[in-house]
Amino acid sequence: MAVLLKSIISGTEESSKVLLEDSTEHNGRPLLRNILIQLVKRYDIVHVLLTDLSKDTWIGGLSEFVLKRIIISQCLTDPVGWNIKSDKSPDILMNIFRFPKPAMSSSLALIVDNLSTLLIYYEYTELCRTIQTLGKSYSTSYYLIHHDLCEDHISNGLHHVMSSTIRMFPRRNDQKLLCSLCHKRKSGKILREINTYAIENEDIICHKYEEKNKIEKSVEQVPIDPTANLTFDLRLTERQKQDRSRVILPYTQQINKSGETQMGSGLVTYELDEVDDWDESDPDDDLDI
Amino acid sequence: MDALLDRKDKDDFLGQFILISDDQSPSDYFLHYFISQSIKDDYTVCLVSVNQSFDHYAAVASKFSVNLRASCSCFKFVKISSYSTDTDVATQAKQTEVSGPLDSTDTMTDQSSFCCYVERSVQELYELIKKLITTSSAGKPSCLIIDDISVLLSIGISIKDLLIFVKYLINLLQTKALSSLILRTHHDDDVEDEEERLLLTYLTHQSHLHLHTNGLKTGYSRDVHGEVTVERRRPFLIQPQTHTMQYRNLDRSINIFSKGLSQV
């Protein structure tokens, strides 16, 4: 079973705009830089826009192979013109993302480190619009943001614009590095996963966290029987379960009736897949109310 | 202190942004340590103070065996004032330009080392700092210390302007115009001040070394005055290297020990 983080980074799961949300406790830059190393293998040129770190600091430790395929631009070195002593207003946001024009057939990717600093100078609505526009020029783009500096409405607005969001969790004790992913496929299907990751040399090793968690949960849940010490019986015998399954509920009857009248006109069936969470006792539990 | 900060050489803090923050427990000792240590290490120090006088820093520095009055060739002091009682000082500062000589209650052997900045824009404060650093460093490494930057929020500077100001200071550090940047800020966890929290978080993201002091969760103790957490942050380190110690302020120094190992 493919791990979502790996699928997004490797490109098997197509994602045009990815948001990485980190915090003071879990720095997203190491992952971002490793993503860059994966991107240069698939794209002709990767544009990197820096708002905080200097170029030298950012490229330190990158191989010659990677350096040849990236174009780095450091912005906001004098955002409001204090160094030239003028009341300069910040550049138009789109101008910040101006890189040298590549050859016509080049495939391009973009990395931005990071949006939090841009949000000091620009309205988030303008930023969202710019990200949408940039989506036409780049096959894929990755944006880092410090979510602990971000107000909820800004965070939500960015989530709408992005095709995938990766939020890093703070690590507790010896726990593995965790991130929660939300990926929107072009078909409209939304995939959610929690993955663990580790960076080893130039590779990212990812695993699903949920599965392990489920196993742990089931192990924990086996010995707990809430019906064990009750003064009345809540358990059903096999026979009772069979009897219950034979009861025809009003809505199933309705379906059968309509099925009879439309005999031969085709049948729509829905097969549950791994993402669907069908719980008859609470059919609305997947709604975010 | 050097052991706590894992400091082996005087150049260890070159190019570093050091953040000192406190929550319920003052971080004064750590601030004064950096002021005195920078002068001992032969840095040109520019100290921007919002609420303390020069005499206060001089008195504390003397406990660290540093004479601030005698170090004026490499020590620049900028006092930020927003109080009406300082109007005379402000007027004189304006008459003699911001970096001109000043006759005030703050006496120094070299009066030109004293500046007063009153209710002006952060842009002018930045220009003043930049001018002081570039004109007085004379080839020596320079260190800027601001005590305390969160108070600027209280005197009417917006959070946006303050973050832009910090961004410019960090740019000075990146272009090597400044060798070391030390900012002190304050945020109490139990007070809902969103701007102070935002400032602290922003500064934490940008810092290389973060010293945070807080009171004991169990309440006031006569023998243990608080905890200090040292976070070593690097741009490509996934998580900061953190260790927490407890401390007790003494008359002229501080006693730092591992948690639960108070000798009293």
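The values are calculated or read from the model by the stated rules, or taken from the named source; none is laboratory data. Predicted, not measured: the structure shown is a model, and the values here were computed from it. Because the Cβ atoms are built from the backbone with ideal geometry, glycine has one as well, and the counts that use them run over all protein chains shown.
Checking B:I164 against (1) within 17 Å of B:Q123 (Cβ to Cβ); (2) within 15 Å of the chain's Cα centre (by Cα), which test does it fail?
(2)
Filtering the stretch A:36-52 down to residues that are within 13 Å of another protein chain (Cβ to nearest Cβ) and closer than 23 Å to A:L177 by Cβ, which residue is surrounded by the most Cβ atoms within 10 Å (Cβ to Cβ)?
Per the stated criteria, the residue is A:D52.
Filter the stretch A:134-162 down to residues that are under 15 Å from the mean Cα position of the chain (by Cα) and among the small types (G, A, S) and give me whichever is nearest to B:E196 (Cα to Cα).
Within the stretch A:134-162, the match that is nearest to B:E196 (Cα to Cα) is A:S155.
Going by the structure shown, is B:S27 touching a residue at least 12 places away in the same chain (Cβ under 8 Å), surrounded by fewer than 22 Cβ atoms within 10 Å (Cβ to Cβ) and not β-branched (V, I, T)?
Answer is no for this residue.
Go through the stretch B:252-264 residue by residue and tally those that are in a strand (DSSP E or B) and touching a residue at least 60 places away in the same chain (Cβ under 8 Å).
2
Do any strands (runs of 3 or more DSSP E) lying entirely in the stretch B:143-251 carry at least 3 residues that are more than 9 Å from chain A (Cβ to nearest Cβ) and loosely packed, with under 15 Cβ neighbours inside 10 Å, and which ones are they?
Qualifying strands (runs of 3 or more DSSP E): B:241-249.
Please state which of the following conditions A:L93 fails to meet, knowing it meets all the rest: (1) away from every other protein chain (no Cβ under 14 Å); (2) touching a strand residue (DSSP E or B) at 6+ places or on another chain (Cβ under 8 Å).
Every condition holds for A:L93 apart from (2).
From (1) part of a loop (DSSP other than H, G, I, E, B); (2) modelled with pLDDT of 80 or more; (3) surrounded by 10 or more Cβ atoms within 10 Å (Cβ to Cβ), pick out the condition that doesn't hold for A:D225.
Single failed check for A:D225: (2).
Kindly indicate the residue of the stretch A:53-73 that is within 9 Å of chain B (Cβ to nearest Cβ) and under 24 Å from A:L119 (Cβ atoms) and also surrounded by the most Cβ atoms within 10 Å (Cβ to Cβ) among those meeting that condition.
By that ranking, first place goes to A:W58.
Here are some conditions: (1) assigned to a strand (DSSP E or B); (2) closer than 30 Å to B:Q241 by Cβ; (3) touching a His at 6+ places or on another chain (Cβ under 9 Å). A:S180 meets all but one. Which one does it not meet?
(3)
Could you count how many residues in the stretch B:183-231 are of a type in the set (K, R) and within 14 Å of B:I20 (Cβ to Cβ)?
1
Within the bounds of the stretch B:237-251, is there any residue that is among the acidic types (D, E), out of contact with any Pro (no Cβ under 6 Å at 6 or more places or on another chain) and more than 22 Å from B:D188 (Cα to Cα)?
yes
Just one of the numbered conditions (1) out of contact with any strand residue (DSSP E or B) (no Cβ under 9 Å at 6 or more places or on another chain); (2) in contact (Cβ under 8 Å) with a residue 24 or more places away in the chain is not true of A:L108; which one?
Only one criterion in (1) out of contact with any strand residue (DSSP E or B) (no Cβ under 9 Å at 6 or more places or on another chain); (2) in contact (Cβ under 8 Å) with a residue 24 or more places away in the chain is unmet by A:L108, namely (1).
If only one of B:F17, B:F34 is part of a helix (DSSP H, G or I), crowded, with 17+ Cβ neighbours inside 10 Å, of a type in the set (A, V, I, L, M, F, W, C) and at pLDDT 90 or above, which one is it?
The match here is B:F34.
Under the condition of being without any contact (Cβ under 8 Å) to a residue 24 or more places away in the chain and either surrounded by 18 or more Cβ atoms within 10 Å (Cβ to Cβ) or in contact with a Phe, Trp or Tyr (Cβ under 9 Å, 6 or more places away or on another chain) (or both), which residue from the stretch A:116-152 is nearest to the other protein chains (Cβ to nearest Cβ)?
Once the filter is applied, the top-ranked residue is A:I120.
Inside the stretch A:14-35, can you point out the residues that are at the interface with another protein chain (Cβ under 8 Å from one of its Cβ atoms) and touching a Lys or Arg at 6+ places or on another chain (Cβ under 9 Å)?
A:T24, A:E25, A:H26, A:N27
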